[in-house]
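Peer 1: Before we start, here is the structure in question, set down as structure tokens.
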Amino acid sequence: MNVFSTQVSVRSALLTASLLPLAVALTACNSGSGSDDDEEVSSRTGIFVDSAVAGLDYEGDDSGSGTTNANGEFTYASGETIRFALGELQLGSAAGAETLTPLSIVEGAAGVTDQRVSNMLVLLQTLDADGNLNNGIQLTEAIRDEVSLNAGSLMLDQAPADFRAGLTTVVATLEAGGAFSDTDPRARTLVSSADAQEHFARSTSERLVVSTTGGDLRGFAADEATWQFLGVPYAKPPLGDLRWRAPELPEPWQGVRDAVAWSDQAAQNPGLERFGEGGMSEDSLYLNVTAPKDAEQLPVMVWFHGGGFTSLTSNTLPFNNPKAVASKGVVQVAVNQRLGPFGYIAHPELSAESGYNGSGNYGQMDLIMALQWVQDNIEAFGGDPDNVTIFGESGGGRKVLSLMASPKAAGLFHRAISQSGTLYPDTRSLESAEAIGSDLQDNLNASSLADMREKSWLQVVSAAAALVPYTNVDNNYLPTTERVSFESGVDNDVPFMFVINTNDTIDPINTVKDVFPWMAPLKDAPTYATLFSQQPSGWKARGVQAYHGAELAYMFNMPTSVITHYLLGLVIDPATGTSLVIGDLNGNGVSGSAGDPADIYASAGFDETDEVVIDRMLTIWTNFAKTGNPSIAGEIEYPEYDAQAQQYVELSDVAEVKTGIADEFAD
């Protein structure tokens with residue numbers, strides 16, 4: 001039972017302009033469980049938003065008490081003060097209005113950094129029963145009861161550290177009691193204050209609803225010129241019996257689904273979760289859309305992240321930066337897909353049940369499902385389904401090459417960019433891939449495929465730690481090896497650009513030296529080549545060359561992403577062949593080598609030259625997406641690559657046409 005204090009102060013609900021688009025003009029009977037003691041009171045309906053919050057207790061002197069319904073709705077009378085609580089934990093009050101938020105019910109709060117507001121945001125988002133903020137925040141009776149028992153240690157005006165300590169106890173008890181229904185078997189962790197505030201900003205920004213084949217989606221204004229939609233489902237969660245099967249269409253939903261929260265990253269080594277946004281689980285078949293507000297029949301660029309076939313995510317701020325390719329007049333889609341043992345394991349029993357005498361490549365099938373979603377839906381976001389460019393880096397670059405080789409991807413894209421992609425090693429045979437799946441079964445100590453499907457994703461990741469799954473000839477997605485597909489002319493022949501960095505890793509380098517020279521003459525569509533050699537001035541002065549992934553900081557217009565590159569061990573000192581040593585440049589007692597992000601970024605030394613390079617790269621990439629030719633009129637005319645001259649454009653602080661790209665790696 002909730003207990004309201006009759007002494008709670010009242011303040012007017014002064015909502016910012018960004019909240020106005022959320023206001024729901026509803027006048028009807030209360031759709032929650034409120035009292036109707038006074039039938040003479042004119043009843044109105046409002047909504048409580050940090051995502052819509054279901055299960056909040058509320059009370060008004062005239063309209064009575066109730067609980068916000070599944071849509072976050074509450075009933076109020078004109079001019080009436082409404083008090084909100086979570087069980088016996090009082091949250092605040094405000095004059096009834098069409099939209100109320102944690103900010104509007106805290107007296108005197110100037111913004112979300114007020115610790116009372118911030119603590120409330122952390123509370124509500126952390127306690128969401130299913131952990132999916134895109135379908136609202138659901139606070140069950142069990143959650144309300146446990147909060148009531150601990151209300152004395154959950155005072156909103158506590159210092160954040162003290163509040164989090166009390167909330168940690170509540171979460172642990174609820175976890176032990178099975179109160180949370182999310183698909184991650186790990187214990188629920190508290191949402192950080194920064195993440196909670198960012199989610200609130202997205203939820204209360206300007207909003208836009210679009211209709212898709214699955215239902216209506218409500219995105220948000222990522223900036224003054226761009227709409228964004230996060231966590232859009234393109235396939236069913238591949239859980240239980242759907243593990244190690246081709247993706248299936250998602251279940252349609254009723255009403256409007258929010259698209260303001262990051263989905264989970266694909267299941268992988270949990271230590272890598274910190275490099276992306278959102279949680280981590282097998283329920284990861286979601287994509288993000290970033291589109292100019294005035295988009296209409298714009299080219300579409302679909303991004304596949306790197307990390308080999310086993311790791312990382314498209315859920316990062318750089319990969320979804322509204323100031324990147326979308327700022328140049330394209331609609332961008334960033335895709336998450338199954339990885340490692342979930343995306344690329346074959347197995348004799350899987351081959352037997354598949355119906356095509358093969359298995360594996362489920363991650364690639366996910367990408368095809370995402371591209372089919374683009375064909376069916378991207379027009380609603382202002383994109384042109386007849387002008388789709390796929391692009392990816394490292395493992396994402398190989399996924400691009402693989403899709404070019406697969407007959408299943410025919411007609412789903414019209415141009416392709418492979419950045420540090422490779423066809424080394426060649427596509428695995430089915431027998432070899434099945435052997436890896438059998439090794440996984442042994443490592444899991446599983447008696448059967450059914451037993452393997454019962455294991456948690458953490459157990460599967462651990463058992464697969466020493467295994468390296470990737471594409472195989474599965475008699476379905478790939479009837480032949482990727483190389484044979486190109487050699488036999490059954491590939492998806494579209495305009496193609498490959499990109500390599502001056503200090504790239506060995507497999508992409510060997511692909512430039514040994515693969516593209518035989519591939520290009522087999523294509524009718526043009527091929528273009530780019531060598532990226534730019535480095536920011538600080539690292540350039542220390543001899544650092546453009547490392548594997550270096551171009552990403554530029555082409556996604558986010559120089560701070562070099563911090564992640566450094567932490568992943570990509571920034572190499574040529575004098576030692578090991579990670580560049582960075583000292584304590586800001587005197588805070590933690591060096592860059594020890595992980596201080598400010599020192600890492602400061603050491604790079606980005607300046608105005610890099611801004612020019614960023615703009616040039618964005619123009620080259622998006623010109624290619626628009627026309628199939630990356631040239632910039634009046635600045636750089638890209639030559640077509642051929643096997644003999646191997647013409648290319650080098651991107652340093654300037655753009656220069658050169659010949660003999662393989663010769664750059666002769667040593």
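The values are calculated or read from the model by the stated rules, or taken from the named source; none is laboratory data. As the structure is a prediction and not an experimental result, all values here were calculated from the model. FYI the Cβ positions are ideal-geometry reconstructions off the backbone, even for glycines, and counts take in every protein chain you see. We work out accessible area using only protein heavy atoms, side chains counted, and drop any ligands, DNA or RNA first. Shrake-Rupley method; radii C 1.70, N 1.55, O 1.52, S 1.80 Å.
Peer 1: Please enumerate the residues belonging to region 544-558 that are part of a helix (DSSP H, G or I) and either open to solvent by 10 Å² or more (accessible area, probe 1.4 Å) or at positive phi (or both).
Peer 2: LEU552
Peer 1: I'm trying to understand the selection: among the residues of region 450-491, which are in a loop (DSSP other than H, G, I, E, B) and in contact with a strand residue (DSSP E or B) (Cβ under 8 Å, 6 or more places away or on another chain)?
Peer 2: TYR470, THR471, VAL473, LEU478
Peer 1: Something else about it: Counting only residues that are open to solvent by less than 10 Å² (accessible area, probe 1.4 Å) and among the hydroxyl-bearing types (Ser, Thr, Tyr), how many does region 348-371 have?
Peer 2: The total comes to 3.
Peer 1: State whether the residues of region 318-330 include one that is open to solvent by less than 30 Å² (accessible area, probe 1.4 Å), touching a residue at least 40 places away in the same chain (Cβ under 8 Å) and among the β-branched types (Val, Ile, Thr).
Peer 2: Yes, region 318-330 has at least one match.
Peer 1: Hey, can you tell me all the residues within region 264-311 that are farther than 19 Å from ILE368 by Cα and in a strand (DSSP E or B)?
Peer 2: Within region 264-311, MET280, SER281, THR290, ALA291, PRO292, LEU298 qualify.
Peer 1: Okay, moving on. Among the residues of region 209-250, which ones are outside any loop (DSSP other than H, G, I, E, B), over 16 Å from the mean Cα position of the chain (by Cα) and surrounded by 18 or more Cβ atoms within 10 Å (Cβ to Cβ)?
Peer 2: VAL210, THR212, LEU217, ARG218, ALA221, THR226
Peer 1: Of all the residues that make up region 55-69, how many are within 25 Å of ASN134 (Cβ to Cβ) and modelled with pLDDT under 95?
Peer 2: Of the residues in region 55-69, 0 are within 25 Å of ASN134 (Cβ to Cβ) and modelled with pLDDT under 95.
Peer 1: Another question about this same structure. What are the residues in region 331-347 that are buried (at least 24 other Cβ atoms within 10 Å of the Cβ) and assigned to a loop (DSSP other than H, G, I, E, B), if any?
Peer 2: Correct list: ASN336, GLN337, ARG338, LEU339, TYR344, ILE345, ALA346.
Peer 1: Given the conditions (1) surrounded by fewer than 24 Cβ atoms within 10 Å (Cβ to Cβ); (2) in contact with a Phe, Trp or Tyr (Cβ under 7 Å, 6 or more places away or on another chain), which single one is not true for THR427?
Peer 2: The single condition THR427 does not satisfy is (2).
Peer 1: Closer than 27 Å to ALA324 by Cα, open to solvent by 10 Å² or more (accessible area, probe 1.4 Å), touching a residue at least 24 places away in the same chain (Cβ under 8 Å) and assigned to a strand (DSSP E or B): is that true of ARG202 in this structure?
Peer 2: No; evaluated as a whole, the condition is false for this residue.
Peer 1: Can I ask one more? Take the residues in region 372-392 that are under 20 Å from the mean Cα position of the chain (by Cα) and farther than 22 Å from THR627 by Cβ, then tell me which one is surrounded by the most Cβ atoms within 10 Å (Cβ to Cβ).
Peer 2: Looking at the filtered set, the residue picked out is TRP373.
Peer 1: Next question, about the same structure. Within region 26-50, track down each residue that is among the polar types (S, T, N, Q) and either at pLDDT below 95 or more than 30 Å from GLY111 (Cα to Cα) (or both).
Peer 2: Hits for region 26-50 are THR27, ASN30, SER31, SER33, SER35, SER42, SER43.
Peer 1: Can you name the residue in region 518-543 that is assigned to a loop (DSSP other than H, G, I, E, B) and open to solvent by 10 Å² or more (accessible area, probe 1.4 Å) and is also nearest to PHE624 (Cα to Cα) among such residues?
Peer 2: Result: PRO526.
Peer 1: Cβ contacts < 9 Å: first residue free of Cβ contacts under 8 Å to residues at least 40 places away in the same chain, restricted to region 260-279; second residue of a type outside the set (Ser, Thr, Tyr) and open to solvent by 50 Å² or more (accessible area, probe 1.4 Å), any location; separation 6+ or different chain. Result?
Peer 2: Pairs found: ARG274/LEU567.
Peer 1: All but one of (1) part of a helix (DSSP H, G or I); (2) of a type outside the set (Phe, Trp, Tyr); (3) closer than 16 Å to ARG453 by Cβ hold for GLY360; state the number of the condition that does not hold.
Peer 2: All conditions pass for GLY360, except number (1).
Peer 1: Answer with yes or no whether SER65 is of a type in the set (S, T, N, Q), outside any helix (DSSP H, G or I) and either open to solvent by less than 10 Å² (accessible area, probe 1.4 Å) or without any contact (Cβ under 8 Å) to a residue 24 or more places away in the chain (or both).
Peer 2: No; evaluated as a whole, the condition is false for this residue.
Peer 1: A follow-up question, please. Can you run down the residue pairs with Cβ atoms below 8 Å, 6 or more apart or on separate chains, where the first is in region 407-419 and within 10 Å of PHE391 (Cα to Cα) and in contact (Cβ under 8 Å) with a residue 40 or more places away in the chain and the partner is open to solvent by 20 Å² or more (accessible area, probe 1.4 Å) and of a type in the set (Gly, Ala, Ser)?
Peer 2: Within 8 Å, the pairs are GLN419/SER394.
Peer 1: Considering each of ASP653, ASP573, ASP667 in turn, give the residue that is closer than 16 Å to GLN545 by Cα, modelled with pLDDT under 95 and open to solvent by 20 Å² or more (accessible area, probe 1.4 Å).
Peer 2: Every option except ASP667 fails the conditions.
Peer 1: Please identify the pairs in which a residue from region 185-198 that is under 12 Å from LEU167 (Cα atoms) and touching a residue at least 24 places away in the same chain (Cβ under 8 Å) has its Cβ atom under 7 Å from the Cβ atom of a residue that is of a type in the set (Ser, Thr, Tyr) and surrounded by fewer than 17 Cβ atoms within 10 Å (Cβ to Cβ), counting only partners at least 6 apart or on another chain.
Peer 2: LEU190/THR168
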